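Notes to accompany the following structure.
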Amino acid sequence: MIKQATTEETRMPPRCCTQPIPSPIIRTILSRDERISFLKAVLQFSTPWESRIFCCKPGCGEFIPPRDKIDPENRSEAVCTNCRTRVCVRCGRVAHPQGQDCPGDRELNAVLKMGERSGWRRCYKCRTLVELTQGCTHMTCRCKAQFCYICGARWDPLVGCPNYCNGEAEMERRRQEEQARILQLEAEESAKQRQAAEKALERLEAEIRTRRSTALQFLRAEQAEEMQRFQVFEKKSKWLMCVRHTRQKLTLAEKHSGAIEKMKDRHARTAANLEDRQVAAEMDLRTALEQSEKHVRIRLRHMEAYCDGLGQKPDDGMPARVVTERDLREISQQYNLEKNMKQLHQAKINVMRDRQAKALEELLERQENEMQRATEKNSKEMENVESTCADEEDTLLTAFSQRKAQLTRRWEICIAILLKELERATGLKYAPIDPPQWPQETDSADDILLAGMGE
């Protein structure tokens, strides 16, 4: 496959399963000579066809790669890397000797033909074209070469022109030819001006006939009236479309607004119910804490009363009171409990309030997320409606544009037919006229709605 790609450009680069084979794989399966041939083929096939140069020597035909460096003295030559044959890059043949022109250089041939018509002379040394505007026929080129401007022969310092050219007679002849050429050009230019003036006069007379033709005026008036009727129909259609689109958008906006208001009311009621429940829970907790405080105080009073009656005479039939160390320890604990009770109860209330605040914050966050999702959904629905309206508007505008183009084409055909009929009937020329031009419309949807309401 790679060898076929080396010889056939249509198979380059070699592919497997429609994908180019990577270069590391190609490098591993080819020998050194095969790799060199493959790289030469890649270089050749990557060069544009019109820029490819091949060796012209029979039996060689080697591709000559593009030159990185160009010799300023031999810009039109390329050297074959195989047989060292010098090839002309313009015609593809053997390189021409120094000072000889390439027959395949079309630009140079065109310049030489122009110089031959103008009487220019080429330098025998550097082949540069030289023009003599004034002075003698002894020419000195910029390469310091001296030659005769009449015959082009090399100038002899002692004899002058070796062909003994009569410079004055030749220059006089050339001046006369130049004057004759100038006179001919002036005559041709004056003839062109006369023809242009005649055509302008004919065109002016045709325009006057066209303006005075009642048939053309009547046709133009009919076309203008038809254009006006079409514009009225177009405005009405656009107005109806804008009204329908506006109603759709307003209906959707009202629907979204009502849903948002209902959601806000529901969120407000939910938050209020949560706050009421939290207040009721705090009141219940306070009531329970107050009841607990009351039980602690009652027990403390009983314990104080038991301990305060120590040493008094007991009532008849009642056993004597004995206050133990345990009783004193319990009353001490009860005092400490009463002392820390307010702080403990306030801590419980604070814990409840933190838990309630977190629950309220989570509720508000959920409500905000729900509101955001609803807003995004509403925006997406509104964008879909606006996209549908825009597509419908583009379709309507396209239909009207096509219809206008068809009307314009029909008007042009009617005008052309009428002009042909008039020219056939009168035998005179009539100037063509343009059909009515459609005005440029830049009204927006609001302007169309306001215009429809005004009408």
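Does the range 202-310 come out rounded, prolate or oblate, given a ≥ b ≥ c as the square roots of the eigenvalues of its C-alpha gyration tensor, rounded meaning a/c under 1.5 and, failing that, prolate meaning a/b above b/c? Judged from the Cα gyration tensor, the range 202-310 comes out prolate (a/c at least 1.5, a/b above b/c). Using the Karplus relation 6.51 cos²θ - 1.76 cosθ + 1.60 with θ = phi - 60°, the per-residue 3J(HN,Hα) values for the range 223-240 come to 5, 5, 5, 5, 5, 5, 4, 5, 5, 4, 4, 5, 4, 5, 5, 5, 5, 4 Hz, with x marking Gly and Pro. Near the amide H of Ile64, within less than 5 Å, lie the amide hydrogens of Ile53, Phe54, Cys55, all on another chain or at least 5 residues away, with H placed in the peptide plane.
Report the net charge of residues surrounding Glu386, where surrounding means a beta-carbon distance below 12 angstrom and charges are Lys +1, Arg +1, Asp -1, Glu -1.
-3
Taking a straight Cα-Cα cut-off under 27 Å and skipping sequence neighbours fewer than 8 places away in the same chain, the lysines within cross-link reach of Lys255 are Lys238, Lys264, Lys377, Lys380. Taking a Cβ cut-off of under 15 Å around Asn340, the surrounding Lys, Arg, Asp and Glu residues balance to a net charge of +2, with basic ones at +1 and acidic ones at -1.
If we count every other residue with Cβ under 10 angstrom of Ala5's Cβ, Lys/Arg +1 and Asp/Glu -1, where does the sum land?
Neighbour charge sum, excluding Ala5 itself: +1.
Distance between the pseudo-spin-label points of Lys377 and Glu226 (7 Å out from Cα toward the beta carbon): 5.4 nm.
Computed 3J(HN,Hα) for the range 188-196, one whole-Hz value per residue from the Karplus formula 6.51 cos²θ - 1.76 cosθ + 1.60 where θ = phi - 60°, is 5, 5, 5, 5, 4, 5, 5, 4, 5, glycine and proline marked x. Listed by chain and number, the lysines whose alpha-carbon sits under 25 Å from that of Lys348, ignoring those within fewer than 8 places in the same chain, are Lys294, Lys339, Lys358.
No value in this document is a laboratory result; all are computed from the given coordinates. Quick caveat, the model's predicted, so the values are computed rather than measured. Cβ: placed from backbone, ideal geometry, glycine included. Neighbour counts: every protein chain shown.
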